[in-house]
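To keep things clear, I will list the structure first and then write my remarks on it.
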Amino acid sequence: MLTLDHLAIAAESLEAGVAAVEDRLEVRLSAGGRHPAMGTHNRLLRLGPGLYLEVIAIDPAAPPPGRPRWFDLDRFAGPPRLTNWIARCDDLDAALARAPDGTGVPMDLARGDLRWRMAVPEDGRLPFDGLFPALIAWQGTAHPAALLPETGCRLAGLELVHPQAEALRLALRGLIDDPLIAVHSGPAPAMRALIDTPSGRRVLE
């Protein structure tokens with residue numbers, strides 16, 4: 001089974017993404033780090049035990065990775081927005097065997113003391129226009145959420161909207177059962193996160 005691990009806000013620049021999220025949620029994000037294998041960098045926000053949010057962007061100081069970046073960041077344009085959700089598992093290979101084609105190929109990754117395996121699509125694009133989760137398996141006991149300061153923010157819901165909503169439900173069935181996640185039918189792919197903050201409920205989309 002999969003467990004909701006974190007949300008990804010993509011941005012053309014990390015500074016723009018951080019500013020947008022901090023303005024919307026009225027909280028400060030914490031330092032993240034760099035991902036040399038992908039040429040990206042991020043900032044983080046704790047959303048509770050075992051759950052966090054990352055703002056991620058291409059790192060202009062990093063050399064190109066020589067392959068498509070995760071979360072389809074090579075094609076990203078426009079204002080910062082919620083583009084992906086990431087689910088963790090104990091057995092990445094077993095989860096991939098049950099996931100749709102194109103979910104990704106396992107990669108061994110690291111940042112500081114954190115170690116993880118993650119399925120990264122060969123073309124950078126996850127199934128269902130990015131609404132199927134990226135799959136991650138953390139190695140050891142270290143997890144980013146445990147290293148982040150408490151901000152009083154909590155995820156209240158994650159809404160996935162897609163023209164092929166029933167097919168997405170079927171793809172997720174048996175892999176994850178989380179009352180926070182809802183799949184709806186709509187004319188175009190969209191994702192919304194409802195977040196309770198010290199200033200009230202806010203929506204990131």
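Could you say whether any residue in segment 42-57 is free of Cβ contacts under 8 Å to residues at least 40 places away in the same chain and in contact with a strand residue (DSSP E or B) (Cβ under 6 Å, 6 or more places away or on another chain)? Checked segment 42-57: at least one residue is free of Cβ contacts under 8 Å to residues at least 40 places away in the same chain and in contact with a strand residue (DSSP E or B) (Cβ under 6 Å, 6 or more places away or on another chain). Restricting segment 139-151 to residues that are of a type outside the set (A, V, I, L, M) and more than 14 Å from the chain's Cα centre (by Cα), the residue that is nearest to Trp85 (Cα to Cα) is His143. The one condition from (1) surrounded by 15 or more Cβ atoms within 10 Å (Cβ to Cβ); (2) of a type in the set (Lys, Arg); (3) touching a Gly at 6+ places or on another chain (Cβ under 9 Å) that Arg46 does not meet is (3). Can you pull out every residue in segment 72-130 that is within 18 Å of Asp5 (Cα to Cα) and either of a type in the set (Gly, Ala, Ser) or free of Cβ contacts under 8 Å to residues at least 24 places away in the same chain (or both)? Across segment 72-130, the qualifying residues are Ala87, Asp93, Ala94, Ala95, Ala99, Gly104, Pro106, Asp108, Ala110, Trp116, Ala119, Gly130.
Which one is farthest from Arg75 (Cα to Cα) among residues in segment 29-60 that are assigned to a loop (DSSP other than H, G, I, E, B) and in contact with a helix residue (DSSP H, G or I) (Cβ under 6 Å, 6 or more places away or on another chain)?
Checked segment 29-60; the qualifying residue farthest from Arg75 (Cα to Cα) is Gly50.
Being out of contact with any Ser or Thr (no Cβ under 7 Å at 6 or more places or on another chain), in contact (Cβ under 8 Å) with a residue 60 or more places away in the chain and loosely packed, with under 15 Cβ neighbours inside 10 Å is the filter here, so list the residues in segment 1-29 that pass it. Those that are out of contact with any Ser or Thr (no Cβ under 7 Å at 6 or more places or on another chain), in contact (Cβ under 8 Å) with a residue 60 or more places away in the chain and loosely packed, with under 15 Cβ neighbours inside 10 Å: Met1, Thr3, Ala16, Arg28.
Annotation note: Cβ proximity below 8 Å between a residue of segment 176-199 that is under 23 Å from Arg98 (Cβ atoms) and a residue that is modelled with pLDDT under 95 and loosely packed, with under 14 Cβ neighbours inside 10 Å (sequence gap 6+ or interchain) occurs for Ile176/Met1; Asp177/Met1.
The values are calculated or read from the model by the stated rules, or taken from the named source; none is laboratory data. What you see is a predicted model; the values in this text were computed from it and never measured. Neighbour counts are summed over all protein chains in view; Cβ atoms, including those assigned to glycine, are modelled from backbone coordinates with ideal geometry.
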